[in-house]
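The values are calculated or read from the model by the stated rules, or taken from the named source; none is laboratory data. As the structure is a prediction and not an experimental result, all values here were calculated from the model. Positions of Cβ are backbone-derived with ideal geometry, glycine not excepted, and every protein chain shown enters the neighbour counts. Ligands, DNA and RNA are excluded from the accessible area calculation, which covers all protein heavy atoms including side chains. Shrake-Rupley method; radii C 1.70, N 1.55, O 1.52, S 1.80 Å.
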Amino acid sequence: MKKKDKENSSTTEEKIVIAARKLFTQKGYEATKTRDIAEEAGINLALLNYYFRSKEKLFEIIMKENVGQFMQVIADIVNNEVTTIDKKIELLVGNYIDMLTRLPDMPLFVMNHIKLAPERSELRQRFMGSHFMKQIQVAMKMGEITTVNPMNVMMNIVALTIFPFVAKPMVQNNHGLTAEQFNVLMQERKKLIPKWITAILKTK
């Protein structure tokens, strides 16, 4: 392949990925059609299918990209040696909810990714060797917080933030919430979840 052809190929692929990223973020996976992506990229559907075999393949690329970016944010938070345990919990919850509000299809993608390759769970790796886990262990030894397996702290943060997004259709239908009202509810949880977790950790 000539250099110019390679450049054109790279440019076309980039246009498709940019278009897919925009539409998946705005509309979600189910509502986005390959024809919509092709139109947004300014190409025909046959060309899109030539570069990417399916919508699923494009979605996987976009989600892996977002997971990678998010994991870096998580790593920066949990390995910060200045912020307190309470502040780390607040930042983790806030970043989770902001990301999931922007990318509502992310939880199912991450769960499927972990189910297919549990040994490659980046989330567990990021947490367990972090400064955050060391802070918790030290605080327990000092009697500043209750003795608890640090894994339970991680699981509580993940479960309390992710579950409402996984159950979003049920929550909206059962309570008659619009998408906007659901997002307002999630913003309220940004303030509540850190309080719940720190309350559990406090010694009596």
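Quick notes
- Computed from Cα atoms, the angle from the helix 150-166 axis to the main principal axis of the chain rounds to 50 degrees.
- Nearest-ten-degree value, helix 85-102 long axis tilted from longest Cα axis of the chain: 30
- Å² per residue, accessible surface of the chain at 1.4 Å: 60
- Element breakdown for the chain at a 1.4 angstrom probe: carbon and sulfur atoms account for 54% of the accessible area.
- Cα centroid of segment 134-188 to Cα centroid of segment 33-98, whole Å: 20
- CD proxy at 222 nm, helix term only [per DSSP H run n ≥ 4: -39500 (n - 2.57); per residue of the chain; nearest 500]: -25500 deg cm²/dmol
- With the highest mean first, a sort of the peptides 168-180, 147-159 on other beta-carbon atoms found within 10 angstrom per residue produces 147-159, 168-180.
- Remark: for residue pairs 88/191; 134/190; 22/190; 141/190, the C-alpha separation exceeds 21 Å in 134/190; 22/190; 141/190.
- Stokes-Einstein diffusion coefficient of the chain, Kirkwood radius over Cα pairs, 20 °C, 1.002 mPa s, in µm²/s: 112
- Largest-first principal axis extents of the Cα set of segment 9-76 (Å): 41, 27, 17
- Relative to the longest principal axis of the Cα atoms of the chain, the long axis of helix 131-141 makes an angle of roughly 20 degrees.
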